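Here the structure comes first, spelled out in structure tokens, and everything after it is commentary.
The values are calculated or read from the model by the stated rules, or taken from the named source; none is laboratory data. Just so it is clear, the model here is predicted, and its values are computed rather than measured. Virtual Cβ from ideal backbone geometry, glycine too; neighbours counted across all protein chains shown. Ligands, DNA and RNA are excluded from the accessible area calculation, which covers all protein heavy atoms including side chains. Shrake-Rupley method; radii C 1.70, N 1.55, O 1.52, S 1.80 Å.
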Amino acid sequence: MKFRKLLYTMPLAIAATGLTGCDSMFRDAPFDSLSENIIWADPHLVDEYVLPWYRSMDSGFNTLVTTIMKGLGTEYDPWYGDQLTVGRSDWYQADYGNILKSSQQDLTQRGRSIWSTCYTQVNSINTLLENQDKLAPSIKERVLGEAHFFRAWYYYRMLRTFGGTMIITRTYDPLVDDVKFPRASYAEMVEFICNEAEEAAKHLPLSNAATDVGRPTKGVCYMLRAKTYFWAAGEHYQNQTKSYLGFPDNRTDEMLDLAAAEYDRVIGTKQYDLIPIAATDRDGVVAEYRNIFLTKNSKESIWEVQHADDGNFDYGNGHKLDRDAAAPSFGGTNAAYNPTHNHVEEYRMANGKRINEEGSGYDKNNPYEGRDFRFYANILYDGAQWKGHTMDIHYTMVDGKEVAGEDLTKYGTSTTAAVSRTGYYMAKFLRESQVIDNDETYASSQNCILWRYAELLLDYAEIEYKLNRGDKGLDKVNQIRRRVHMPELTSITWEDIENERRVELAFEKSTYWDLLRWNVAEKRMTGTNNPLYGVKIVYRADGSKQITTRVINGKNTTVRYFRDRQYYLPIDWNDVRYHGLEQNPEWIEM
């Protein structure tokens, strides 16, 4: 069943009444001939109606790197930080590379796409809420809860991307309705999102029945409120001169207190906890830790993108994470998830010490020995074991020439096939048993976890530290460290909190947004300040090895930029003109 979308000249006028799903539901009557009364009264049709709210909320592990002609691009945000990069050089000539280089044209297109997606779904939600009296009693409470939750979700997404936007709570069609909407202030956006999430919580259950797994619950609503306040506490959003860009004064402490109260509510539901790890040896801990990210809707997961189990990529909601991440020895051609050496150095030693700290035991000639167990769970390095294969990510000197190892040698005959540019491949999220073959329609099925209990603890630890309650934050960090059998910290610094977050949440979507929250994006996402490094290992003829680091994205190669204006993407220029809105700073119409 194709989406039904009425396309007008204005992005906000895209009617989001599209349905998707099984064609059999509409064999007797196409959507255009279905009256609204039939839709609202039929629980199955209503479920089809709300499905786009879920499908559009986040791309999960679905990624797409295209040419600018298609105007798409990827939403896998960690690619834009400093923990991951990609192997394919042609992707740097597409939207991905152009966004890395701070292309105003590509960033404008990305902003337009997010803006359109969010307001399309908001209009769909408003349509349902205006017809709520027609909903069948058997689904009314649940659907109203979903509607208010997703209206909060899409405004939360816009808050992070644009600042204050137009708060629209009724259906809107500019072809017949000449009303103009102003930009809301940052404070109004925060209040609206949190009020909507609270309203959603009134209608939603504490937990879902098995048939409703994946739908929002009270805990998810409280988490959204917490995340909104937590975001709004960010340094960049205080003392702003424009009301829609942030608060006119510094409300960091106020927002942190409000966030803490909401995290307490999430904890109080008693629905979430860390998944314990029973093993104590390295291999056992690694296996159990990896399994956390392969287990759908576990007790640690608060909110996640539901990817399909049916193995269908073209028509289902599967993804190709395993294929895109695979090394050449397993038939991989994209090398799309290369951990950087910058990130590898963030993993401390198994004794808890930093790698450059006295007494750490770090050996520069054997840099992968004795590290935090999460390193072995997340990273495939030279000599690591994966699928019964020893990763061969080094060069060997033969007759005076460097011969690339198997996992540095392109697979097949494709001219765009790639290998790791960093000397590492990703293991986190991947299913070691996943079959990777020539069937391009196959799909991986792991869900993409957006929020989990470990992140809640780390958020809370950051709050405690910033509010000078570091002892309470210490316990929350140590809960996570105990789980992976790493030594507990005896005291805590900001470096400890940041490091634990970067290691525990490695490659998860929050790591990109953290750099914006901390107001360090210009430093961390600009290559001249923070070039991305890879490692090169060469085995000499005498059996010794040479390990060097090299810049693979930064000073003298493909340069990354993050400019101050990118804290807010440009809002759609059509709506700037039509509604008379003030555009975000430093953006010009393309």
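Data overview
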read-out	value
Cα-based Kirkwood hydrodynamic radius, region 216-314, one decimal, Å	16.5 Å
Residue 522-residue 356 FRET efficiency (beta carbon distance; Förster radius 25 Å; 0.05 resolution)	0.45
Shape metrics for region 356-417, restricted to C-alpha atoms - Rg then Dmax, Å	15.3, 48
Nearest 10 degrees, 0 to 90: helix 282-292 Cα axis against the chain principal axis	20 degrees
Of all accessible heavy-atom area on the chain, the percent that carbon and sulfur account for (1.4 Å)	48 percent
Kirkwood hydrodynamic radius of region 51-182, Cα pairs, Å	16.9 Å
Angle in degrees between helix 137-162 and the longest Cα principal axis of the chain, rounded to the nearest 10	60 degrees
Rh (Kirkwood; distinct C-alpha pairs) - region 125-203, Å	13.5 Å
Coil-residue trypsin sites (Lys or Arg not before Pro) of region 483-554, DSSP, other Cβ within 10 Å capped at 14	540
Loop-located GluC sites (Glu not before Pro) in region 324-360, at most 12 other Cβ atoms within 10 Å (DSSP)	358
P(r) histogram, all alpha-carbon pairs of the chain included - 20 Å bins from 0, percent	19, 54, 25, 2, 0
Three-way shape call for region 429-484 based on the alpha-carbon gyration tensor, with the a/c threshold at 1.5	prolate
Region 284-356, dipole about Cα centre (Lys/Arg Cβ +1, Asp/Glu Cβ -1), debye to the nearest 20	400 debye
Degrees separating the helix 453-466 axis from the principal Cα axis of the chain, which is the longest one	90 degrees
Among 460, 352, 89 - extreme Cα towards positive end, dipole of the chain, charges at beta-carbon	89
Where Cα atoms sit under 23 Å apart: lysine pairs in region 157-262 separated by 8 or more or lying on different chains	5
Positive-pole candidate from 330, 291, 119, dipole of the chain, charges at beta carbon	330
Cα gyration tensor category, rounded, prolate or oblate, for region 110-241 with a/c compared to 1.5	oblate
Lysines with Cα under 18 Å of residue 101, excluding same-chain neighbours fewer than 8 positions away	523, 555
Using a Förster distance of 25 Å, the FRET efficiency for residue 297-residue 390 (Cβ separation, nearest 0.05)	0.15
Region 146-302 - charge dipole about Cα centre, Lys and Arg +1 at Cβ, Asp and Glu -1, debye rounded to 20	300 debye
Global geometry of region 503-590, whether rounded, prolate or oblate, following the gyration tensor of its Cα atoms and the 1.5 cut on a/c	prolate
D (Stokes-Einstein, µm²/s), Kirkwood Cα radius, region 427-550, 0.692 mPa s at 37 °C	184 µm²/s
Difference of contour (0.36 nm per residue) and Cα-Cα distance, residue 439 to residue 403	9.9 nm
Low-density loop positions, GluC sites (Glu not before Pro), region 490-559 - DSSP coil, at most 12 other Cβ in 10 Å	none
Dipole magnitude of region 387-491 about its Cα centre (Cβ charges: Lys, Arg +1; Asp, Glu -1), debye to nearest 20	480 debye
Accessible area (Å², per residue) of the chain, counting only protein heavy atoms and a probe of 1.4 Å	40 Å²
Cα-based convex hull volume of region 266-385 per residue, rounded to whole Å³	162 Å³
